[in-house]
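J.: After the structure tokens below, expect a handful of questions from me.
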Amino acid sequence: MTAFGFTKLQDSTYRSLTTSLSPDIVVGLGDIPYGYYKVSYKKIDRITDRTAKWMQAHVDERTRAKKEHGAELPLLYAPLLPISADSQRYYIDHLEDMVQDIHGLAIYNTITLGDLPEQLKTLPRLGLTEPNNPRAVLQDVSRGIDVLTLPFLSAITDSGVALDFRFPVSGPVPAEPLPLGVDMWDTKHATDVSPLRKDCPCYACTNHHRAFLQHLLSAKEMLAWVLLQIHNHQIMDEFFAGIRESIGRGTLDQDIADFERFYEPELPKSTGRGPR
């Protein structure tokens, strides 16, 4: 989308822009199909061939840029198509040939990770799987995703929900699974002067309380969503710190099983409206 409407983005333009804009990570262009479980073998041949050509052109252009300008280039992550590695073997073979020129893999579906060749298994994996709750995040991590994008974090904040969970869990499993967050639109919080989560060190919890946030939401003050965003990012920071500790201890699978018994599978539904 441009200032003048929509326009098709050429692969050459994309490669040029990724060099000039200098992001930290560039994901190579992939011919990602919609509804890929129904893709015919003929279609798979076309999309793997096209993606292989785009990646080779991207690597070649980066090589030229480095020789001509000696510039530091962004890390290049190769997209893996959201089908099994065996189904895209032609493209995978090309990636093995250029493995010295790529720095990671962009994963659109964890089905791809089942039969990767050894040369690619050691590369960092950026998950573009868009998990929609903490349980899905844990499943992606257990399958080998290293870095994740989390659209649900902004969505749950916009809906007025304050996250409230810990990983790993501690204490006995409750009779009924606990919710993963609190709907701050609920009027029962109007006189509650406790923090969004007990012992939370974030700015929102150490300087304000539930009653204040509920008032801000009711008044449609943007500060409400700013405070919620601060709090929810703190919860997710702690969540990922807990995941790293769990991996370090070698207890990730058991900790995930405990978490799934402790909390509800889905994030809470909001009873209010977002800021937009």
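J.: Here is a check on your reading of the model: is Asp45 of a type in the set (D, E, K, R), modelled with pLDDT of 85 or more and under 19 Å from Glu96 (Cα atoms)?
T.: Answer is yes for this residue.
J.: Going by the conditions given, is Val141 part of a strand (DSSP E or B) and either surrounded by fewer than 18 Cβ atoms within 10 Å (Cβ to Cβ) or modelled with pLDDT of 95 or more (or both)?
T.: no
J.: Another question, then. Would you call Leu138 among the hydrophobic types (A, V, I, L, M, F, W, C), outside the structural domain of Leu213 (by TED's automatic domain parsing) and either in contact with a Pro (Cβ under 7 Å, 6 or more places away or on another chain) or without any contact (Cβ under 8 Å) to a residue 24 or more places away in the chain (or both)?
T.: Taking the combined requirement at face value, the residue does not satisfy it.
J.: When the residues of the range 148-189 are narrowed to those that are among the small types (Gly, Ala, Ser) and part of a loop (DSSP other than H, G, I, E, B), which ends up nearest to the chain's Cα centre (by Cα)?
T.: Ser159
The values are calculated or read from the model by the stated rules, or taken from the named source; none is laboratory data. Here the structure is a predicted model, which is why all the values come from computation and not from measurement. Here Cβ is always computed from backbone atoms with ideal geometry, including for glycine, and neighbour counts include all displayed protein chains.
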